[in-house]
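Working notes, beginning with the structure itself.
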Amino acid sequence: MTLTLWQRLDKTGRNLAPFAVTVMLALIGLVPVPAPAYGPVAPFLTAIAIYYWAIHRPDLMRPGTAFLIGLLQDLLTGGPLGVNALVLVLIHWTVMNQRRVLMASSFGMMWVGFVLVMLGVACVQWLAFSALNATVLPFNPALFQALLTVAMFPAVAWILIRVHRAFLQG
Amino acid sequence: MKPRTSGSVVRLAAPLRALAQRFSFLLLVLASIALMMVGKIDALSVDNARARVTDAFAPILDAISRPAATAAHVVESAVEVRNAFEENQRLKAENARLLQWRQAALRLEAENTSLRSLLKATPEPPSTYITARVIAAPGSSFLRTLVVTAGRRDGVRKGQAAIAGAGLVGRVVEVGEWSARVLLLTDINARVPVVLESSRQRAVMAGDNSDQTKLLYLPPDAAIQVGERVVTSGHGGQFPPGLAVGVVSSVGERGVRVQPNVDLARVEHLQLVDFNMPGAETEPSHETK
């Protein structure tokens, strides 16, 4: 069956949804929130998005895409280049290795899986920043950030499920 | 014949694709690490790339930061209405005190001018201020920076001081066409030469990603009091001397900690200040990030 131009455009647009939503989350993560002690522990929203899309639509969220989004985040946050890119690629890779388990499991198990992923992320971030600054940085902020991200997971996943259903099904 | 070839291509393609996928993962990890190296070695071009990308996204960040700021205002004003009476009393008392200070300041200014004219001292060049709105603050455990809506076309230059209300906030580290990035005092890469106001003890104030900063290179026998004001010393030529920075909050085994005057989590607008310092034309060397 050949698609008309409009159908193809529509399909491409829909297929861009995971990428667009993840970029949007990266930008929302940059909004200054005037609350004390929020900045250091602000949830790592793109990690949730990469985790979700890598499980459900790995064809639309390739490792290269994850890398590019991480790179964009690195450029916008003003941090050392490559750290977020590395973290997001690692999340993608972990999910791809365990995808069969994660696909078959319930939402609760997906959440538990995300806890483990975020602990790994906190370690990688801490290691990378410590190495790049050539000092041993305190680990706690990274841990709290991971915990807050885990706590935010259901809310963000709910939005992602909405987007998934609205644009990519039927 | 044709279907068979395409079938074998498919059969061949599956493992190839798996191989490519595995390889791409490795490649991407290596690329990330290479980027970290590049950032360390060639910080200047990375800064330029960053300024370009920040510029490109500045309008979007500007737009999405507005509703957040409005919501915060609504919450804050609700809290303020509750405390309006006490706040009013306090402000009246403070205003009376400040009026006295104003008289003192005017008298001192007059005295200063007359003494300067006696000494034929060269007047300090006038400062120019650029006010900018904060549009982005990365939510990260290891970074303390802000992005503001003023750039090269507004006269922002690398190394300028950023102040807000009661004191120094940080300095400009990266300038785009219409956006700029400010490294906050609390960032682990921030270093400010300071002097303690009453003991005249010189030190370098360094951030460590926490809410307070610490003082480096103090002599071990320095007598430092909690509550002492910390101001810029002007060494290094980046900032003029005497700019308020913070207050010593604790002196102990973990070193001397300083509480910045400005609540860095709540900065909404800040002023980038060009002090027209002699020697400021040559860009001060920045520590690599």
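Diagonalising the gyration tensor over the Cα atoms of segment A:5-60 and scaling each eigenvalue by 5 before taking the square root yields semi-axes of 30, 14, 4 Å, largest first. Here the mean projected area of the convex hull built on the C-alpha positions of segment A:62-170 is 7.7 nm². Within segment A:2-118, all pairs of alpha-carbon atoms sorted by distance into 5 Å bins from zero give the percentages 2, 11, 19, 20, 18, 14, 9, 5, 2, 1, 0, 0. Across all directions, the shadow cast by the convex hull of segment B:16-80 built on its C-alpha atoms averages 8.3 square nanometres.
Tell me, what is the FRET efficiency for residue B:68 and residue A:20 to the nearest 0.05, using R0 = 30 angstrom and their Cβ-Cβ distance as r?
Working: r = 20 Å, r/R0 = 0.68.
Approximately 0.90, to the nearest 0.05.
GNM on chain B, alpha-carbon springs under 10 angstrom: the most fluctuating residue among B:199, B:250, B:117 is B:117. Rg of the Cα atoms in chain B, relative to 2.2 N^0.38 Å, amounts to 1.36.
Label sites at residue B:198 and residue A:37, each approximated as a point 7 angstrom past Cα along Cα to Cβ, lie 3.0 nm apart. Estimated from the Cβ-Cβ distance and a Förster radius of 25 angstrom, the FRET efficiency linking residue B:75 and residue B:210 is about 0.45. If R0 is 51 Å, the Cβ-Cβ spacing of residue B:122 and residue A:127 corresponds to a FRET efficiency of close to 0.45. Phi angles across segment B:227-239 convert, under the Karplus curve 6.51 cos²θ - 1.76 cosθ + 1.60 with θ = phi - 60°, into 3J(HN,Hα) values of x, 6, 7, 10, 10, 5, 9, x, 6, x, x, 7, 10 Hz, Gly and Pro given as x. Helices assigned as whole DSSP H runs in chain B whose Cα atoms extend at least 27 Å along their own long axis and whose mean Kyte-Doolittle hydropathy is 0.5 or higher are found at B:2-41. Spherically averaged projected area of the convex hull of Cα atoms, segment B:150-284: 7.9 nm². For segment B:87-124, trypsin sites (Lys or Arg not before Pro) are listed when DSSP marks them as loop and at most 16 other Cβ atoms sit within 10 Å of their Cβ; the list is B:120.
Expressed in units of 2.2 N^0.38 Å, where N is the residue count, the Cα radius of gyration of the protein assembly as shown is 1.16.
Readers should treat all values here as calculations from the given coordinates under stated rules, not as data from a laboratory. Quick caveat, the model's predicted, so the values are computed rather than measured. As a convention, Cβ positions derive from the backbone with ideal geometry for all residues, glycine included, and neighbour counts pool all protein chains shown.
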